[in-house]
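Okay, so here's the structure we're looking at.
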């Protein structure tokens, strides 16, 4: 059994986290006790390439040095990960674990995830229980960040348990897919759902690509499971803690570019899977489309130019 462990970096967004993340990753790889292949993709699009320097420094003293892919431009989440998955396939890896670098990894997390996949051939993917990490305070919390992705009628995807205090209620929950923050896939399952040679659909560029992948696994009859004994901590500083007002405030804190990506890709999900949804879900999608148009007109006029890209993506489905 060979496991590929991969993560992506981007300019100063990831650099502050790398020392803590790489230290926790090293300990988890040591505890995993298996053959591993570590890959790091740098999506940084401007010098200085500080992530490269940090990874090089780590590699000099690591038992599990990362093979660095320096793209020297932002390929986007989907395209960059496709290159790392391709590298894992060429190394004949059986499993692919993707991790955000703004995380701390529990020492037993990788072993727990890998053991679950090895012991259940019917599973295509597994994900850990992710808590919030207060990075400025260097404090782990008991607040949930994600117990996996769930899907509600109207193609509404969300992270199970996000913002809730953990009381174990979600440990046995069925989930629809894995959060892009941390997910471990059986590579043979990813091969089954490739579209035009791509594992992640690169038309998503960034945001919602994990939802799209989860939907394609679901259509193929492939299951994903939460492993509640596998623990990670994620700094999601812009996330809401519940309620409309806090959700609105969290959305406003995000950059216009990231808000545009999310807006466009939600519409693309609607278009891509419209025909797969039942009548009730289609009705809710129509309501959401009307709401999003009115919302953009009144509160976020910068999003109106996104409809040109939405039309272009929708045409690409034909």
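Derivation of every value follows stated rules applied to the coordinates shown; laboratory data play no part. These figures come from a predicted structure and were not determined experimentally. Here the Cβ is made from the backbone with ideal geometry for all residues, glycine too, and neighbour counts use every protein chain on show.
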Exercise for the section: Find, to one decimal place in angstroms, the Kirkwood hydrodynamic radius of region 254-315, where the mean of 1/r is taken over every pair of different Cα atoms and then inverted. Expected result: 12.2
Fill in the blank from the handout: Rounded to the nearest 10 degrees, the helix 279-299 long axis (Cα) sits at an angle to the longest Cα principal axis of the chain of 90
Problem - Zone residues, region 140-165, relative to residue 279, backbone N less than 19 Å from point 7 Å out along Cα-to-Cβ - result: 153-155
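Once every DSSP H run of n ≥ 4 in the chain is given -39500 (n - 2.57) and the sum is divided by its residues, what mean residue ellipticity at 222 nm do you get, rounded to the nearest 500 deg cm²/dmol?
Working: 11 runs with 130 residues, N = 318.
So the helix-based figure for the chain works out to -12500 deg cm²/dmol.
Ordered by packing density, taken as the mean number of other Cβ atoms within 10 Å over each peptide's residues, highest first, how do 116-129, 291-304 rank? All intermediate terms of the calculation are to be shown ahead of the outcome.
On the way: 116-129: 19.7, 291-304: 12.7.
Averaged packing, sorted descending, gives the order 116-129, 291-304.
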Completion exercise
Among 193, 149, 286, the residue with the largest mean-square fluctuation in a Gaussian network model of the chain built from Cα contacts under 10 Å is 286
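Once you have a ≥ b ≥ c as the square roots of the Cα gyration tensor eigenvalues for the chain, tell me rounded if a/c is under 1.5, and otherwise prolate or oblate according to whether a/b is larger than b/c. Walk me through the intermediate numbers first.
Values: a/c = 1.43, a/b = 1.36, b/c = 1.06.
Here the chain falls in the rounded category.
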Practice task
Measure nothing but the geometry: give the 0 to 90° angle between the long axis through the Cα atoms of 50-59 and the longest principal axis through the Cα atoms of the chain, rounded to 10°.
Solution key: 30
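Based on the Cβ-Cβ distance from residue 289 to residue 23, what FRET efficiency comes out when R0 is 41 Å, to the nearest 0.05?
Once rounded, the FRET efficiency stands at 0.35.
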Handout entry: Cα-based helix-to-principal-axis angle, 18-32 vs the chain, degrees rounded to 10
Key = 60
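Contact order normalised by length for the chain, with contacts defined as Cα pairs under 8 Å and 6 or more residues apart; what percent is it?
Numbers: 587 pairs, mean separation 57.9, N = 318.
Relative contact order comes out at 18 percent.
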Exercise for the section: Only bridges with both residues in the chain count here: give the DSSP antiparallel percent, nearest 5. Expected result: 45
Problem - Average Cα contact separation per residue, region 254-315, under 8 Å, 6 or more apart, as relative contact order % - result: 54
Handout entry: Among 96, 21, 185, residue whose mean-square fluctuation peaks in a GNM of the chain (springs only between Cα atoms under 10 Å)
Key = 21
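Based on the Cβ-Cβ distance from residue 118 to residue 252, what FRET efficiency comes out when R0 is 35 Å, to the nearest 0.05? Present the calculation step by step, with values, prior to reporting the outcome.
Numbers: r = 44 Å, r/R0 = 1.26.
In this case the efficiency is close to 0.20.
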Exercise for the section: Mind telling me which of 107, 46, 61 comes out most flexible in a GNM of the chain, alpha-carbon contacts under 10 Å? Expected result: 61
